[in-house]
Amino acid sequence: MMKLPVVSVITPTFNAASTVERTLLSVLGQRYKAVEHIFVDGLSEDSTLSIILSYQQNHNHIRLISDRDGGVYDAINRGLDICTGDWIIILGAGDEFCSEFVLAELFETGLFSDDQVVYGNVLIRGDTPWAKDGTVYDGPFTLEKLFRQNICHQAIFYPRSVIRMVGHYSLDYPVTADWDYNIRCWA
């Protein structure tokens, strides 16, 4: 029997009690089960930790570390250091997969067999400063387009080989380290 590629979902959290369960349930509901879900919490002061721990008791694919960190990108870097998956995706607290079949479809179409970054679209829920509710963000990217706008991290699957080459998110960019990371991946 073939070993399925493991997908590591990294979710940085801090006081995310109102949204973290949505992400937990989205990952739990995936038909593809070769998944580990790593929560990197920045010492939440609300019920974020108790929500995660309540699910962790019954689901051994959920891992949690909670410690002071230097912000979201530091938390992601800590997740990258401990994840064991062949493929890595970053889902923030409140982010969800668009369906329960996303991971299974990526595997079945062979996209988890290439050693390249795989990305898709994001459906925006709620208004943001850069997109309105219901907007689909945002089709094929060229290098020129990537220089103008970023790919949403919740739509990118990074193969471990790329993570090894590119390394960590730069903490020099407190707001746009993911954009810098994606440009370095392209390079």
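The values are calculated or read from the model by the stated rules, or taken from the named source; none is laboratory data. Just so we're clear, the structure is a prediction, and the values are computed from it rather than from any experiment. FYI the Cβ positions are ideal-geometry reconstructions off the backbone, even for glycines, and counts take in every protein chain you see. For the accessible areas, the whole protein counts, side chains as well, though only heavy atoms, and no ligand, DNA or RNA atoms are used. Shrake-Rupley method; radii C 1.70, N 1.55, O 1.52, S 1.80 Å.
So which residues in region 60-86 are open to solvent by 60 Å² or more (accessible area, probe 1.4 Å) and out of contact with any Pro (no Cβ under 7 Å at 6 or more places or on another chain)? Hits for region 60-86 are 60, 63, 65, 67, 68, 70, 78, 81, 84.
To keep it simple, each residue is scored yes or no on (1) of a type in the set (A, V, I, L, M, F, W, C); (2) modelled with pLDDT of 95 or more; (3) in contact with a Ser or Thr (Cβ under 9 Å, 6 or more places away or on another chain).
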site: 15; (1), (2), (3): no, yes, yes
site: 23; (1), (2), (3): no, yes, yes
site: 43; (1), (2), (3): yes, yes, yes
site: 48; (1), (2), (3): no, yes, yes
site: 51; (1), (2), (3): yes, yes, no
site: 54; (1), (2), (3): no, yes, no
site: 58; (1), (2), (3): no, yes, no
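In this structure, residue 115 qualifies as within 20 Å of residue 184 (Cβ to Cβ), over 13 Å from the mean Cα position of the chain (by Cα) and not hydrophobic (A, V, I, L, M, F, W, C). When region 130-150 is filtered for residues that are exposed (fewer than 13 other Cβ atoms within 10 Å of the Cβ) and touching a residue at least 24 places away in the same chain (Cβ under 8 Å), the ones remaining, listed by number, are 143, 147.
Report whether or not residue 187 is free of Cβ contacts under 8 Å to residues at least 60 places away in the same chain, open to solvent by less than 100 Å² (accessible area, probe 1.4 Å) and among the aliphatic types (A, V, I, L, M). In short, no. If the condition is being without any contact (Cβ under 8 Å) to a residue 40 or more places away in the chain, open to solvent by 50 Å² or more (accessible area, probe 1.4 Å) and out of contact with any helix residue (DSSP H, G or I) (no Cβ under 7 Å at 6 or more places or on another chain), then region 116-128 contributes 123, 125, 127. Flag: residue 86 matches the condition of being touching a strand residue (DSSP E or B) at 6+ places or on another chain (Cβ under 8 Å) and under 19 Å from residue 160 (Cα atoms). Evaluated against (1) open to solvent by 40 Å² or more (accessible area, probe 1.4 Å); (2) within 22 Å of residue 163 (Cα to Cα), residue 46 falls short on exactly one condition, (2).
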